[in-house]
Structures are given as structure tokens and as C-alpha cells.
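Peer 1: Handing you this structure, nothing more for now.
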Amino acid sequence: MPEHYFSENPHSKSSPKKWKFNLKGKEYSFDSDAGVFSKNTVDFGSQLLIETFTLPKAEGDLLDLGCGYGPVGISLAKENTDWHIVMSDVNARAVDLAAKNSVNNAVANVDIIQSDSFENLADREFAAILLNPPIRAGKKLIYEMFENAADSLIAGGDFWIVIQKKQGAPSAKEKMEQLFGNAELMAKDKGYQILRSTKV
């Protein structure tokens, strides 16, 4: 099977990169590498998710599910120092980079966990879960992540995703409506959609 950024232990030759990137008016420094998602820049979908996200009414930890090298979770932590952010990814290289980048950007209100979806998060509950789904992993796996997210949210918690219309946004919205009884289009730009469901 070919290696993807959602491989647990990428075997692609390390090719470290470092760059600075502006998110919501703050400059961040990111280390990245081969074998992780969007290794050369913060992808547009993640940027739109960061810009659109609003804090939940529920109180509790926030989860950046599939955090990669960390731009979503780290920017959340920097913007919201009173909140605790859990960042998780199946990819060991991405988890190492996320830990390094949390130090690079002086954020301390984070936990970074290697986990295949919710495997190592089963005993935790969250006030909000953010996901840029691994489209190439297939709809079955992605919808399992949706189902696990629904189980892992506290009452009043929010589930946020970013997905391109051409990569299944309409069916993803239907799945979210089925699971939560609601799904709202919060933003759209350049073919990307930000969808939010609330656990009621």
C-alpha cells in the first residue's frame, strides 16, 4: 500500500522545512517534513477553518483531530490561552513536529497524543472537535471519525470540519445531520466548506 500522510510511521526520507506563516494576524514558525500533510505551507482549508471557528458554549477541552504538524491546534492555543487543546494524529512524524512547533510558538496549553482516530482518546470528552478529514483514507474511515466525534463530545459541544464541495461536502453534511440532528454551513471559499454540528 502506498504511503500517505495518515500512515502511522512514514518511511519517506526526511526532508525538513521551516517557514513562517501568518494566521489571524499572528506570525507563527512551523517546522515540517516529508510524509506529513501539506508539508510546504498551511493548506487553505485549515486556514479557513482557523478563521471561521468560534468557541463552543460548552466548557471543556478542544480537540484538533488529525493535527498534522499543528497549525490548527497551535493557533487555537495561542488565541485562547484559557482553553486546553488536545492535538492528535496517527502519524508519528507529525506528532513529533507538532510537539516541536508548540515549543517554537511558545504555547503550553496543549497535549499532543499519537492516536489512530480516537483509539487513544476513548476516555476523554471534548467541548469542540475540529477535523480536516483525510479524504484519501476513504469515506468509510472518515464517517467512523464523525461517529466517534459524536460520541466524544459533551452535551452542547461542537463538531467542525472543512471539506471541499467536490470531495464530498454535500454527503458529509447529510452524515452530520444524521448523527447530530443539525449541520450548518459556516463559511465557504474557493470550493471549501466549513460545516458545524452541535451535540444537543
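The values are calculated or read from the model by the stated rules, or taken from the named source; none is laboratory data. What you see is a predicted model; the values in this text were computed from it and never measured. Reconstructed Cβ throughout: ideal geometry from the backbone, glycine too, with neighbour counts over all protein chains shown.
Peer 1: Would it be correct to say that residue 150 is surrounded by 14 or more Cβ atoms within 10 Å (Cβ to Cβ), under 16 Å from the mean Cα position of the chain (by Cα) and more than 23 Å from residue 38 (Cβ to Cβ)?
Peer 2: yes
Peer 1: How many residues, within the range 25-70, are in a loop (DSSP other than H, G, I, E, B), surrounded by 21 or more Cβ atoms within 10 Å (Cβ to Cβ) and among the small types (Gly, Ala, Ser)?
Peer 2: Residues in the range 25-70 being in a loop (DSSP other than H, G, I, E, B), surrounded by 21 or more Cβ atoms within 10 Å (Cβ to Cβ) and among the small types (Gly, Ala, Ser): 4 in total.
Peer 1: Quick check on my filter: what residues within the range 119-142 are free of Cβ contacts under 8 Å to residues at least 40 places away in the same chain and either under 21 Å from residue 187 (Cα atoms) or surrounded by 20 or more Cβ atoms within 10 Å (Cβ to Cβ) (or both)? Give the derivation first.
Peer 2: From the range 119-142, those free of Cβ contacts under 8 Å to residues at least 40 places away in the same chain are 119-120, 122-123, 135, 138-142; that's our starting set.
Within the range 119-142, 135, 142 qualify.
Peer 1: Please identify the pairs in which a residue from the range 8-23 that is assigned to a loop (DSSP other than H, G, I, E, B) has its Cβ atom under 9 Å from the Cβ atom of a residue that is modelled with pLDDT under 85 and not aliphatic (A, V, I, L, M), counting only partners at least 6 apart or on another chain.
Peer 2: So the pair list comes out as 10/3; 10/4; 11/3; 12/3; 15/39.
Peer 1: Which one of these is touching a strand residue (DSSP E or B) at 6+ places or on another chain (Cβ under 8 Å) and part of a helix (DSSP H, G or I): 99, 128, 94?
Peer 2: Criteria check complete, one pass: 99.
Peer 1: Kindly provide the set of residues from the range 113-171 that are charged (D, E, K, R) and farther than 14 Å from residue 197 by Cα, ordered by number.
Peer 2: 116, 119, 123, 124, 125, 136, 139, 140, 144, 165, 166 - these are the residues of the range 113-171 that are charged (D, E, K, R) and farther than 14 Å from residue 197 by Cα.
Peer 1: Name the single residue, out of those in the range 36-64 being in contact (Cβ under 8 Å) with a residue 40 or more places away in the chain, of a type in the set (A, V, I, L, M) and touching a helix residue (DSSP H, G or I) at 6+ places or on another chain (Cβ under 7 Å), that is nearest to residue 152 (Cα to Cα).
Peer 2: Top of the filtered list is 62.
Peer 1: Now a separate question. Go over the candidates 38, 46, 7 one by one and state the one that is more than 16 Å from residue 92 (Cβ to Cβ) and modelled with pLDDT under 90.
Peer 2: 38
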